[in-house]
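The values are calculated or read from the model by the stated rules, or taken from the named source; none is laboratory data. Everything numeric in this text was worked out from a predicted model, so none of it was measured. Heads up, the Cβs are rebuilt from the backbone with ideal geometry, glycines too, and the neighbour counts pull from every protein chain shown. SASA here: full protein model, heavy atoms, side chains in, ligands and nucleic acids out. Shrake-Rupley method; radii C 1.70, N 1.55, O 1.52, S 1.80 Å.
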Amino acid sequence: MSYRRQPSPFLTGVGVGIGVWIVGYLVALVLVVVVRPPAIESFSPPGYAGAIYVFGSAFVLLAPSGGAPPLLMAVPAFVGLLVAVAGGAIVPVRAGRLADGWAATKAGATVGIGVCLATLAALALYLLPSTPVSNTAIPLRYLALVFGNLLLPAFAGALGGALQHAATQP
């Protein structure tokens, strides 16, 4: 009789979170190529797409305090959060943790950890000189990282895990 070990919910969540970041980045890249904003003349499309995705959620978060963020910033952020909800619903199913609602919610929240790790890896490249992020104030970089790329995706993933648990209960 063979025993198959269940995958770790944390590692599954991190994997899904990295996938969420990649989907959001690809949406940002397509948007940059289609819209061709004026600032793109001084930056490469991949770097500009990464910058708008990294900062998009933080600008959307700051929108209630003032003006609306540009559509270019908002679309990738909303796509990333919607994909994070879907990813959070996938994690507890893959990890087999639907019996307990809190366990499903925690497993879904690890999506945020994956998004944050992928963002840290990307920021290591974007913090080099002559990139859009290098011209941004350091406190805003941290605000974008913590709120836009950790707390909001983790909340969205937890919501997805809770929704999946609720949908499977009689």
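Against the conditions (1) modelled with pLDDT of 85 or more; (2) surrounded by 13 or more Cβ atoms within 10 Å (Cβ to Cβ), W102 satisfies every one except (2).
Taken over the stretch 105-145, the criterion of being among the hydroxyl-bearing types (S, T, Y) and modelled with pLDDT of 70 or more is satisfied by T105, T110, T119, Y142. For first residues located in the stretch 77-99 and at positive phi, partners that are open to solvent by 40 Å² or more (accessible area, probe 1.4 Å) and among the polar types (S, T, N, Q) and lie 6+ apart or on another chain with Cβ distances below 8 Å form the pairs G96/Q6.
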